[in-house]
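Have a look at the structure below before the remarks.
A short reminder: the numbers here are calculations on the coordinates, not readings from a lab. Note that this is a predicted model, so its numbers are computed, not measured. Positions of Cβ are generated from backbone atoms using ideal geometry, with glycine treated the same way; all protein chains shown enter the neighbour counts.
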Amino acid sequence: MNPKERMDSVTRDMDHPRGGIEERIELDIRRHRKGWGRFVLSDAEGKPVRNARLKFKQTKHEFLFGSNLFKLRDFPAKEQNDAYEALFKKVFNIATVPFYWDTLEPQPGKFRYSRNVPPIARRPPTDLAVDWCLENGIRPKGHWLFCDNFVPAWLPKNSKELMILLEKRIEQLAERYGGKVTLWDAVNEAFSYPRWFHKTIPWSVVPQDYVYQVFKLAEKYFPNYTELCYNDGNHIAFQPFHYDNSPMYLLCRSLLDRGARLGGIGIQFHMYGKLEDMGVGKGGHFYFDPVHQFNVLDQYARLGIPIHITEISLPTYPELPRKAAEEFQAKLLWHFFRIWFSQEKMESIVWWNLCDKTAYGSESDYDAGLVGKDMEEKPAYRMLDRLVNHEWHTECTVATDENGVADWNGFYGDYDLEITAGRTKLKRKTSLSKHSYNEERISL
C-alpha cells in the first residue's frame with residue numbers, strides 16, 4: 001500500500017461511519033456538553049428590566065481537557081520551559097501530576113515533595129506541580145497511589161510490611177495534598193503487567209486483593225469529595241471486550257458491589273505500533289471503529305460513574321512522510337475527541353505527552369506529542385485548539401423580555417458577562433454547569 005492507502009484503511013470506518021453514528025455524535029455533544037441558563041433582571045423597585053443586553057464570552061470549560069505535566073521546569077533553557085507552560089495553559093484545564101512511588105520516595109523517608117529537591121527527568125517535585133496548577137486555574141490529578149510497577153527497590157519483600165508502608169504513603173499524601181488534589185488514580189494498571197515483568201518487587205508479595213485494599217485505605221484518609229479512580233490500558237478496556245463479562249468491567253463492578261468508593265474509570269489510549277497493523281482486516285483495526293468505541297464506553301457508563309480517557313498517544317507514524325504523518329495525527333485526534341466528548345459519562349480527555357521526544361523510553365520514537373521537540377505547534381495541537389477554544393466555545397448576546405427574563409444556551413463552563421441596560425453597564429463572572437440549576441437574579 002502507498003501512504004494514502006494505509007491511512008484510508010485505518011480510518012475507513014471513521015470516514016464512512018455506519019448510519020446514525022455521526023448524528024449521535026452531534027446530538028450528544030449538544031445534549032451532554034451544552035445547557036440552558038436564565039437571568040432575571042429587576043430594578044431597585046423590583047420591576048422587570050426589559051430589553052437589557054447580556055453578552056456572554058466563555059473563558060473556561062467545565063469539561064476537562066488535559067495532559068501530563070511531567071516536563072514542568074524540566075527543560076534546560078528558560079525559553080523552553082516558558083513555551084511549554086504557555087502551550088499547556090492555552091488548551092488544557094487539567095494536568096496529571098506524577099506521584100510514582102519509586103521517584104517520589106527513592107530512599108526510605110526521603111521524599112521529593114519540595115521545590116529544592118534534586119531533579120529527576122519527567123518527575124517534577126509534586127509541590128511545584130500542584131501549586132503551579134492551582135495558580136493557573138488548572139485542576140491537578142494525582143497519578144497514582146499504587147501501581148505494582150514503578151515501586152522503590154527498597155520495599156520489603158513481605159506482604160504485611162508492604163501494606164503497612166503503603167498505608168503510610170497514602171496517609172501522608174492525603175495529609176499533604178488531600179485539600180488540593182481531588183482526583184486520583186487510586187490504582188493503576190492492575191491488569192497490564194504479567195508476572196514475569198515485575199523486577200522490583202515479586203508478584204507474590206503483592207496481596208491478591210490489593211486493588212480493593214488500596215481503595216479502602218484511600219477512603220480512610222482522603223476527604224469524601226475526593227474522586228478515586230481505577231486506571232488501565234486500552235488493551236485491557238477495548239481489546240478483551242465482552243460487554244458485562246469484560247475483565248476491567250467486572251473488576252469495577254466488584255469494587256462497587258463490595259462498597260469501595262470507586263469514583264471513576266480511567267481508560268488509556270496509546271496507539272503505538274505499526275500503522276499497517278491497524279488497517280481494515282488487521283488486529284488493531286477495532287480501535288478505529290466508532291461502533292466499537294461506543295459499545296465499550298456505553299458499557300462502562302452502565303456503572304453510573306464518570307469515565308476518563310487518561311493517557312492518549314496518537315503517534316506521528318514514522319512509516320509515513322512527515323507532513324502526511326502530522327496531518328494524519330490531527331485527523332485521528334478530531335475523530336476520537338468528538339466521539340469521547342459526546343459520551344454522557346465522560347468527564348475528561350487527557351493527552352499523554354505534550355511534546356515530542358519527552359515520552360517514556362522507546363515511546364519517544366513515535367513522536368506522539370502535540371508539539372514538536374522545539375515547541376513548534378503541530379497540526380494536532382492546532383486541531384485541539386480549534387475544537388476546545390473555537391468549535392466547542394460559546395459567545396452570544398441575548399436580551400431580556402417584558403418580564404426581565406433572558407434565557408441563553410452555551411457550553412458548560414465559566415463566562416465573562418457584560419450587562420447593558422440603558423446607561424447602566426455591569427461586568428461580572430458567571431458559569432453554566434451541568435450540575436446546577438443555572439438561574440440567577442440580579443437587581444440593577
Worksheet item: If each Cα of the stretch 63-391 is one equal point scatterer, what is log10 of I(q)/I(0) from the Debye formula at q = 0.10, 0.15 Å⁻¹?
Response: -0.57, -1.37
Discussion item. With unit charges on the beta carbons (Lys and Arg positive, Asp and Glu negative) and the dipole taken about the Cα centre of the stretch 63-391, which residue among 228, 247, 118 sits farthest to the positive side?
Written reply: 118
Response to the item:
Under the Karplus relation with 6.51, -1.76 and 1.60 and θ = phi - 60°, whole-Hz ³J(HN,Hα) for the stretch 74-85, x at Gly and Pro, equal 10, 8, x, 10, 4, 4, 5, 5, 5, 5, 4, 5
Worksheet item: Separation between the residue 424 and residue 440 pseudo-spin-labels, each 7 Å from Cα along Cα→Cβ, expressed in nm?
Response: 1.5
Worksheet item: Which peptide among 332-345, 425-438 comes first, and what is the full order, when sorted by highest mean count of other Cβ atoms within 10 Å?
Response: 332-345, 425-438
Worksheet, complete the sentence: Ranked by GNM mean-square fluctuation in the chain (Cα springs under 10 Å), the top entry among 422, 233, 372 is 422
Practice prompt. Run the dipole for the stretch 63-391 about the Cα centre, Lys and Arg Cβ at +1, Asp and Glu Cβ at -1, nothing else charged, and hand back the magnitude in debye, nearest 20.
Written response: 540
Fill in: residue 171 paired with residue 377, simple spin-label distance in nm, labels 7 Å along Cα-to-beta-carbon
4.9
Discussion item. Going through the cross-link list 34/141; 89/378; 34/345; 60/429; 57/78, which pairs have a Cα-Cα distance over 22 Å in this structure?
Written reply: 34/141; 57/78
Practice prompt. Any chance you could check the Cα centroid distance between the stretch 376-440 and the stretch 133-156 for me, in angstrom?
Written response: 34
Practice prompt. Give me the number: length gained by fully extending residue 256 to residue 291, i.e. 0.36 nm times residue separation minus the C-alpha to C-alpha distance, one decimal in nm.
Written response: 9.9 nm
Worksheet item: Over the chain, what is the mean sequence separation of C-alpha contacts under 8 Å (at least six apart), divided by residue count, expressed as relative contact order in percent?
Response: 28
Worksheet item: Roughly what % of DSSP beta bridges within the chain run antiparallel, to the nearest 5?
Response: 45
Practice prompt. Enumerate by residue number the trypsin sites (Lys or Arg not before Pro) in the stretch 74-142 meeting two conditions: DSSP loop (anything except H, G, I, E, B), and at most 13 other Cβ atoms within 10 Å of the site's Cβ.
Written response: 115
Discussion item. Only counting other Cβ atoms within 10 Å, I'd like 139, 31 sorted with the fewest neighbours first.
Written reply: 31, 139
Fill in: Using θ = phi - 60° and Karplus 6.51 cos²θ - 1.76 cosθ + 1.60, couplings along the stretch 426-438 (whole Hz; Gly, Pro as x)
9, 10, 7, 9, 8, 8, 10, 10, 5, 10, 10, 6, 6
Fill in: Quarter of the Cα convex hull surface for the stretch 311-419, i.e. its orientation-mean projected area (nm²)
9.3
